[in-house]
Amino acid sequence: MAKKVLIVLMLMFSSWLMASPYTVYIKGVVIDTTSGDAVPGAKVQIIARTTWGSLIYSNTLQTDRVGHFSDLFYTDISGFVRITATDSSFGTVDTLMTFSINQPSVSAMIQVVRGIDPCIASFNWQSNQTDPQEIQFTSTSSGTFTKILYDFGDGTTDSTANPIHRFAPGSYNVCLTVSTPMGCFDKRCETVQIADPVTCEVQFTYTQTNAYQIAFQATTTSPYATSFTWLLNEGLQTTGKVITHNFPAAGTYSITLQGVDEQGCEDTFTGLVEVEEQINPCRAAFRYIPDPQNPNLFHFTNASTGEIASWSWNFGDGNSSQIENPHHQFAATGQYDVTLHVENPTSGCNDSVTMPVDVGLGFYYTIAGQVFAGDFPADSTQVDVYRINDGAPQYAGTFTSGPYGIFHFYALTTGTYILKATLKASSPEYGKYLTTYYHRKAFWEDARRINLTADSTNIAFYLEPNPNMTNGPGAISGHIYYEYNGTMRSEIPAGYLPILLFDDGREPIHGVFSLEDGSFEFEDVPEGIWKLQPEITGLSITPLELTISSNNQIQNNLIVTIEESGVTFGIGITDPNQNTLQGSVFPNPTSGNWNLNIHSDQPSEVEIKMLSSDGRVLLSLLKKLSTGDNLLHFSTEEFSAGVYYVVVQDRRGATSTQKLFFK
């Protein structure tokens, strides 16, 4: 009994050490930026939350006669505090700031512009009766604003008040932002659902049931009875919704399924099948993360693949679990070898994986802070974190902030990190600031290193303003590509990459982002000798040197190619006798089943490749095209959400590249 009491007391004492309460002090002032006067009597609302959204504290007060306010509260964890100022003379303005036991004081200057009508973003939308995928948006926003921007949630935007936009079937978070440079800012988001049209698209799934043996099952989107015909290897043909076929050897086979429903609707789908010599019915894998409030409590998630009937966990401390996604409290700090064993007697699944897990304080830390565009929090910012390993940055995570610029990376291991911030196209300040490395650097080599040996939760990350070029006589333009095959004449367009023009001192004179097709352009370039390069984290690049003078004002058709080892520069050449290929993919975005329509001006054989955003080839096949439109169907449901490229190229070098979004 005495031993049990002692253990309980020790646990209570260790919990007190890990969660010591402290006081958060809040002070601030509301200032009219036009006159410089303080704003007395303004309503100030203070709401503090944990980093995962739980409420810690809330209060409402008023500024005093000199515009100041102050407050305090007690807590035992870190988080964010939102301070909102409201008054009839300026509407509503708010900001968001971080606090922690190491940074318990919060000081805010809320800048407002009195006399400007507060603006409120709102909009209506209605589908076209003859084309349900076409949506008419109508802004019903009120107040005074100078900028308006729709973000359609599919990678495209529009800056007109009442745009018409065509969506692929799916669900989209559409946001409207209204703002002025010094005054109002408001954002409204709504979910827009686009239903799939009635079709008879066919596809198939397959499972390897024995060595060289595959069981196929056909599916269709048609609500009517459908007959299926299968075209297998070496010209073999069979019918039926469910079939089994024995292949002669291991390898990759192209299988075609044809479907005709009772209404006469026809469709054809071709997919690749991997046939293995031995069945691998499952593979064990798992992920884990420590609890934010208890460093010895870990949350484990099964990430195994295959048909699995049972999970058996061994946590390396004498404890075990039989549930799929367990939570486990380790008794002491240290490293434990955690093993997951998965089984399914029916399918023959039997696999294990073991990973070392570091437990306790001193292993995992948080990086958090706020991104600023000038004096105000940056709206809609993507922040990336990289861990420095052997002198080179390796991607470690992404956080997309909301309208207050707050970012938060949890459970990072001890090490050295750098941060990069980029405004998204939906931000009102997009294009006004460079992609910036902390602290105010345009190149990754110059980024300030964060040596993470404790939580770093109060980082003020200021974006570097994009310098303007005015009245220069020069212009520079070109295209940027990812190189994935040295024999190709035109590769994957590298869209949305920052490209910098700078001087010998590595001081940028202007920056642009490449467009979706990889094109970029600098206008009003002043005379001088300049250097140009894309900024790619982790690649050391020797820039291209360009001269703009009275006799040499235009530098166009530049070709920038990104390879694993670096970046090369050249001049593009156009072949007027080249065959043209025009491709389109739909639906886009897709959940895995999609179509590719290729229009060719002559019969040809083409290579079709599907690539990841970093240039890895995920699918490759040859197809013969006829003159005109050629419709192909694909099923790639195993691909995760993200951006992919579909590249079509014939033997003469004509190329079509399309971007495909997976939901």
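The values are calculated or read from the model by the stated rules, or taken from the named source; none is laboratory data. Keep in mind that this is a model prediction, so the values were computed, not measured. Positions of Cβ are generated from backbone atoms using ideal geometry, with glycine treated the same way; all protein chains shown enter the neighbour counts. We work out accessible area using only protein heavy atoms, side chains counted, and drop any ligands, DNA or RNA first. Shrake-Rupley method; radii C 1.70, N 1.55, O 1.52, S 1.80 Å.
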Considering every residue within region 38-58, establish whether at least one is of a type in the set (Phe, Trp, Tyr) and more than 36 Å from the chain's Cα centre (by Cα). no
For the condition in contact with a Leu (Cβ under 7 Å, 6 or more places away or on another chain), among the polar types (S, T, N, Q) and at pLDDT below 80, what is the one hit in Asn588, Asn579, Asn595? Asn588
Please work out if Thr305 is under 30 Å from Thr219 (Cα atoms), surrounded by 14 or more Cβ atoms within 10 Å (Cβ to Cβ) and touching a Leu at 6+ places or on another chain (Cβ under 8 Å). no
Residue hits (region 380-406; β-branched (Val, Ile, Thr), closer than 18 Å to Tyr417 by Cα and touching a Gly at 6+ places or on another chain (Cβ under 6 Å)) are Val385
Do you know which residues across region 41-69 are over 13 Å from Ala85 (Cα atoms) and hydroxyl-bearing (Ser, Thr, Tyr)? Thr50, Thr51, Ser54, Tyr57, Ser58
Please list, ordered by residue number, the strands (runs of 3 or more DSSP E) wholly in region 333-426 having 3 or more residues that are open to solvent by 10 Å² or more (accessible area, probe 1.4 Å) and closer than 20 Å to Trp313 by Cβ. 334-344, 349-359
Positions within region 222-241 being touching a Phe, Trp or Tyr at 6+ places or on another chain (Cβ under 7 Å), outside any strand (DSSP E or B) and open to solvent by less than 90 Å² (accessible area, probe 1.4 Å), in sequence order: Asn233, Gly240
Output the residues belonging to region 378-413 that are on the phi < 0 side of the Ramachandran plot and in contact with an Asp or Glu (Cβ under 9 Å, 6 or more places away or on another chain). Ala378, Asp379, Tyr395, Ala396, Thr398, Phe399, Ser401, Gly402, Pro403, Tyr404, Thr413
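Residues checked against (1) buried (at least 20 other Cβ atoms within 10 Å of the Cβ); (2) within 18 Å of Pro377 (Cα to Cα):
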{"residue": "Val39", "(1), (2)": "yes, no"}
{"residue": "Arg65", "(1), (2)": "no, no"}
{"residue": "Asp71", "(1), (2)": "no, no"}
{"residue": "Asp94", "(1), (2)": "no, yes"}
{"residue": "Phe99", "(1), (2)": "yes, yes"}
Are there any pairs, at least 6 apart or on different chains, whose C-beta atoms fall under 9 Å, with the first in region 11-35 and at pLDDT below 65 and the second open to solvent by less than 60 Å² (accessible area, probe 1.4 Å) and among the aliphatic types (A, V, I, L, M), and if so, which? Ala19/Ile77
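Each row is one residue, and each column tells you yes or no for (1) at pLDDT 95 or above; (2) over 30 Å from Val106 (Cβ atoms); (3) of a type in the set (S, T, N, Q).
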| residue | (1), (2), (3) |
| --- | --- |
| Lys441 | yes, no, no |
| Asn468 | no, yes, yes |
| Leu501 | yes, yes, no |
| Thr542 | no, yes, yes |
| Thr547 | no, yes, yes |
Look through Thr252, Thr244 and report the one residue that is open to solvent by 40 Å² or more (accessible area, probe 1.4 Å), modelled with pLDDT of 85 or more and of a type in the set (Ser, Thr, Tyr). Thr244
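Could you identify the single residue in Gly528, Gly518 that is out of contact with any Phe, Trp or Tyr (no Cβ under 8 Å at 6 or more places or on another chain) and either closer than 19 Å to Thr568 by Cα or without any contact (Cβ under 8 Å) to a residue 40 or more places away in the chain (or both)? First the steps, then the outcome.
On the way: Gly518 fails: out of contact with any Phe, Trp or Tyr (no Cβ under 8 Å at 6 or more places or on another chain).
Just a single option satisfies the conditions, and that option is Gly528.
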Which of the residues that make up region 514-558 are under 23 Å from Ser656 (Cβ atoms) and open to solvent by 40 Å² or more (accessible area, probe 1.4 Å)? Leu515, Glu516, Asp517, Glu521, Asn556, Asn557
Strands (runs of 3 or more DSSP E) completely within region 114-200 that count 3 or more residues being charged (D, E, K, R) and at pLDDT below 90: 185-194
In region 286-302, residues that are of a type outside the set (A, V, I, L, M), open to solvent by less than 50 Å² (accessible area, probe 1.4 Å) and farther than 23 Å from Val342 by Cβ total 5
Filter region 132-142 for residues that are open to solvent by less than 40 Å² (accessible area, probe 1.4 Å) and of a type outside the set (Val, Ile, Thr); which is nearest to Ile77 (Cα to Cα)? Ser141
Among the listed residues Ile120, Ile110, which satisfies the condition of being within 26 Å of Asp32 (Cα to Cα) and open to solvent by 50 Å² or more (accessible area, probe 1.4 Å)? Ile120
When both residues are 6+ apart or on different chains and their Cβ atoms are under 8 Å apart, which pairs have a first residue that lies in region 72-90 and is of a type in the set (Asp, Glu), and a second that is part of a strand (DSSP E or B) and surrounded by fewer than 20 Cβ atoms within 10 Å (Cβ to Cβ)? Asp76/Tyr22; Asp87/Lys43
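Return the only residue of Gly472, Gly511 being more than 30 Å from Gln649 (Cα to Cα), part of a strand (DSSP E or B) and open to solvent by less than 30 Å² (accessible area, probe 1.4 Å).
Values: Gly472 fails: part of a strand (DSSP E or B).
It is Gly511.
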Answer with yes or no whether Glu429 is over 30 Å from Glu527 (Cα atoms) and either open to solvent by less than 60 Å² (accessible area, probe 1.4 Å) or modelled with pLDDT under 95 (or both). no
Going through Ser139, Ser179 one at a time, which residue ends up being farther than 30 Å from Thr590 by Cα and among the polar types (S, T, N, Q)? Ser179
Neighbours by Cβ (under 7 Å, 6+ apart or cross-chain): first from region 253-271, over 16 Å from Ala225 (Cα atoms); second assigned to a loop (DSSP other than H, G, I, E, B) and open to solvent by less than 60 Å² (accessible area, probe 1.4 Å): Tyr253/Phe247; Ile255/Leu232
